[in-house]
Amino acid sequence: MLRNCLKVRAIGLSVRSVVHTNSKRSLAFKINNSTGKNRKGSSLLPTIQQVQRSRFTSDGSHISIPRYVPRENEPLQSKISRLEYQSRKRGMLENDLLLSTFADKYLRNLTEEQLDMYDKLINVPDNDWDLYDWLIEKKKAPEEFQTEVLQMLIKHSKNEERELRNAQPPLRH
């Protein structure tokens, strides 16, 4: 059932990244020595935050995902256009459909404070599966993301009006 298996070296560990056919990724760490410590006695294991905020390239090198920095003094129309585009290009069709239809329906009517909440919600989490799980209420979102905009998105994802949402809406200018 495995599609791809790649061995890489990172932080003194041998890391095997396995991609399953359902597109979920899992990382398995194998420590190079029996103690799990380097010669100076420091732990070789990366912290959970290091693993969550990192990715590996095809040649095995380690890249760190940059932290999201909110844009200061961005004109309102530019912010709406950027958020509309970012809602369409998530890398996951499920989120593309949910967020692009939400953006088309609500984005232009949100207050500036709500736009900031939406911006944080779609740009701070580094895992789109987490965002999707929050929207369909499979997992509870962390407290920092519990906002009125998240509640609007959850309601939108329930699609109580039974709207047809099998394609992204056209971009507005």
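All of the numbers you see were taken from the coordinates with simple rules; none came from a lab. Here the structure is a predicted model, which is why all the values come from computation and not from measurement. Here the Cβ positions follow ideal geometry from the backbone for every residue, glycine too, while neighbour counts run over all protein chains shown.
Restricting to the range 73-82, name every residue that is touching an Asp or Glu at 6+ places or on another chain (Cβ under 8 Å) and without any contact (Cβ under 8 Å) to a residue 12 or more places away in the chain. Even if it seems obvious, please write down each step before you answer.
Taking the range 73-82 as the starting set, the residues that turn out to be touching an Asp or Glu at 6+ places or on another chain (Cβ under 8 Å) are 76, 79, 82.
Within the range 73-82, R82 is the sole residue that qualifies.
Can you pull out the residues in the range 66-82 that are surrounded by 14 or more Cβ atoms within 10 Å (Cβ to Cβ) and hydrophobic (A, V, I, L, M, F, W, C)?
Once the filter is applied, which keeps residues that are surrounded by 14 or more Cβ atoms within 10 Å (Cβ to Cβ) and hydrophobic (A, V, I, L, M, F, W, C), the range 66-82 yields only I80.
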